[in-house]
Amino acid sequence: MTGGSNIASLRAALAAAEAKACEAEAKATEAEARAAVAVAKVSDAEAEIAFLKLTIKKLQRELFGTRSERRQRLLDQLELQLDELEASATEDELAAETAAAETTQVQGFTHRKPARKPFPAHIPRERVVVPAPTSCACCGSDRLSKIGEDITETLEAIPRRWKVIQTVREKFTCRACEKISQPPAPFHVTPRGWAGQNLLAMILFEKYGQHQPLNRQRDRYAREGIDLSLSTLADQVGACTVALRPLHDLIEAHVMAADRLHGDDTPVPVLAKGKCATGRAWVYVRDDRPFGGPDPPAALFRYSRDRSGAHPVEHLETFAGILQADIYAGYNALYAAGRSPGPVIEAACWAHSRRKFFELADIAARARRGNDPPPVSPLALEAVKRIDLLFDIERGINGESAEHRLAVRKELSAPVLADLRDWMDTERRKLSKHSPVAKAMDYMLRRWALFARFLDDGRVCLTNNAAERALRGIALGRKSWLFCGSDRGGVRAAAMYTLIGTAKLNNVDPQAWLADVLGRIAETPQTRLDELLPWNRVPEQKLDQAA
């Protein structure tokens, strides 16, 4: 009897221990779930804080305008931070759901999802109807009547599909004269062509618009089952350049007919005799939108092996008017009195001069230089603030007529400019000539008439940013294609940059425009080629509606 009671007590103790273990395990599971939910809430809060910070900064930028390069870098950094925090919040939400599913005591946490815009109406819809039930799930009756439907939209991307278009030309013989009749062969943009206009446009835009060299395109096509040699692709690029040359010439004539141009250049590595030389890519931008001009914007790119001043003189041989550019001695010959066909008036770039002060006042950049960064110059900071007053005025008159812009500048900008000049003169006398701030001031004071040019003509812009934006693609592309293969390659690239850059300035999809042009240019008379220019392109949807 004693042994039986011992066994019973042992079983009871074991059952109690198991109950305690289960209870402890349940508590541990519950604690893990609560911890996972807490982590998800913290991640969600961090993502929401980052989103609100980014929103605030963007609203401030819209309200007060871009006052410094530092603000743009801050926006970029906030967007990167938001990207990472949103991804982390979603991961933690899923982990919290998994943990909460193992216990009934903890409720899961739903991460705040970012607001999604409706899918664009122009995207084609594919209707997939789920088979309807044939009988009632409740009573089993088959007397069902449709009362409505719910639609769930899912955005999907279909991988690129290749196809071969077979154009069949049937032959007929005449029973009367036995002569054979047959429709003419279809036109190809390139001699002995085999590529369609959309494929050619894609190759061109990938190479010059997306900075994907032909060897990378070849490898990607091979992975998709299309074997195209590098020489074959290069042959098509050369042939398309020739076919599109008439449009390039029309854009060049349009740019050179402007009364005001933006000019700039950037280095371009060029392969030469086993080494890499440094060529130059030049750009001349016509953009009359800041002063309400009716003519469309356009960009003309040119290439040269070096940065000799003879190149801009040649490029602008037929131009007369205002040239907005950085201070570069190569332009000096253009400013000579009595120049034919007319004088070129120099206008300096305020963004370039402001940058010299900003670099001495950029607190964030100096903080990144280590434990002992150079001090921030209070004079440089003051100069930036004073210059920004001019930019504030310019933002208010952007897009207005040249007459209105000039009137506002006379009233508001002239006093600010006079105060800036007096302040610089006073402070400059206190500085050593070796002071970095003194050098920045001298840069402006020695060319004050050029910086004050915008007070004489409402068409003059305060900066040369239009040209710098046009060259930004080349600066980014250098990291992908490393160098041009030859001088001819540089000239060819400049021609394609002209077409693509002009399309972008006119808010036209470059690839779609190139495809349209390549399909129509052969049958378009020379006298009507201007109909193919980007600013004259009619969107396809409008053409469909008109039809």
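The values are calculated or read from the model by the stated rules, or taken from the named source; none is laboratory data. Predicted, not measured: the structure shown is a model, and the values here were computed from it. Here Cβ is always computed from backbone atoms with ideal geometry, including for glycine, and neighbour counts include all displayed protein chains. Keep in mind that these areas ignore ligands, DNA and RNA; they rest on the heavy atoms of the full protein, side chains included. Shrake-Rupley method; radii C 1.70, N 1.55, O 1.52, S 1.80 Å.
Within the range 220-250, being assigned to a loop (DSSP other than H, G, I, E, B) and open to solvent by 40 Å² or more (accessible area, probe 1.4 Å) holds for E224, G225, I226, D227, S229. Taken over the range 180-209, the criterion of being modelled with pLDDT under 90, polar (S, T, N, Q) and over 16 Å from R492 (Cβ atoms) is satisfied by S181, Q182. Considering the range 232-251, the residues that are in contact with a Leu (Cβ under 9 Å, 6 or more places away or on another chain) and of a type in the set (S, T, N, Q) include one that is farthest from W162 (Cα to Cα), namely T241.
Taken over the range 22-34, the criterion of being modelled with pLDDT of 75 or more, closer than 15 Å to E97 by Cβ and open to solvent by 50 Å² or more (accessible area, probe 1.4 Å) is satisfied by E32 alone. G209 meets the stated requirement of being surrounded by 11 or more Cβ atoms within 10 Å (Cβ to Cβ) and touching a residue at least 60 places away in the same chain (Cβ under 8 Å).
Of the residues in the range 441-456, not one is surrounded by fewer than 19 Cβ atoms within 10 Å (Cβ to Cβ) and either under 27 Å from the mean Cα position of the chain (by Cα) or of a type in the set (S, T, N, Q) (or both).
Contact map, the range 35-58: first residue within 16 Å of A95 (Cβ to Cβ) and part of a helix (DSSP H, G or I), second residue modelled with pLDDT under 70 and among the basic types (K, R), Cβ cut-off under 8 Å, separation 6 or more or different chains; pairs are D44/R112; A47/R112. Within the range 521-547, being basic (K, R), open to solvent by 70 Å² or more (accessible area, probe 1.4 Å) and modelled with pLDDT under 90 holds for one residue alone: K542.
In this structure, A351 does satisfy being touching a helix residue (DSSP H, G or I) at 6+ places or on another chain (Cβ under 9 Å) and surrounded by 14 or more Cβ atoms within 10 Å (Cβ to Cβ).
Consider R169 carefully, then state whether it is assigned to a loop (DSSP other than H, G, I, E, B) and either at positive phi or at pLDDT below 85 (or both). No; evaluated as a whole, the condition is false for this residue. Across the range 157-197, the number of residues qualifying as among the aromatic types (F, W, Y) and free of Cβ contacts under 8 Å to residues at least 40 places away in the same chain comes to 2. Residues in the range 147-173 that are in contact with a strand residue (DSSP E or B) (Cβ under 9 Å, 6 or more places away or on another chain) and among the basic types (K, R): K171 only.
Can you tell me which residue among T110, T154, T98 is surrounded by fewer than 10 Cβ atoms within 10 Å (Cβ to Cβ) and modelled with pLDDT under 85?
Working: T110 fails: surrounded by fewer than 10 Cβ atoms within 10 Å (Cβ to Cβ); T98 fails: surrounded by fewer than 10 Cβ atoms within 10 Å (Cβ to Cβ).
Every option except T154 fails the conditions.
Rundown of residues vs (1) under 27 Å from the mean Cα position of the chain (by Cα); (2) β-branched (V, I, T); (3) surrounded by fewer than 21 Cβ atoms within 10 Å (Cβ to Cβ), yes/no style:
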position: D288; (1), (2), (3): yes, no, yes
position: T318; (1), (2), (3): no, yes, yes
position: I327; (1), (2), (3): no, yes, yes
position: L334; (1), (2), (3): no, no, no
position: E346; (1), (2), (3): no, no, yes
position: K356; (1), (2), (3): yes, no, yes
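Do we find a residue being under 20 Å from I327 (Cα atoms), open to solvent by 30 Å² or more (accessible area, probe 1.4 Å) and part of a helix (DSSP H, G or I) anywhere in the range 405-417? Checking the range 405-417: not a single residue is under 20 Å from I327 (Cα atoms), open to solvent by 30 Å² or more (accessible area, probe 1.4 Å) and part of a helix (DSSP H, G or I). Can we say V313 is without any contact (Cβ under 8 Å) to a residue 24 or more places away in the chain and more than 23 Å from D456 (Cβ to Cβ)? Answer is yes for this residue. Scan the range 384-435 for residues that are in contact with a Ser or Thr (Cβ under 9 Å, 6 or more places away or on another chain) and aliphatic (A, V, I, L, M) and the total you get is 5.
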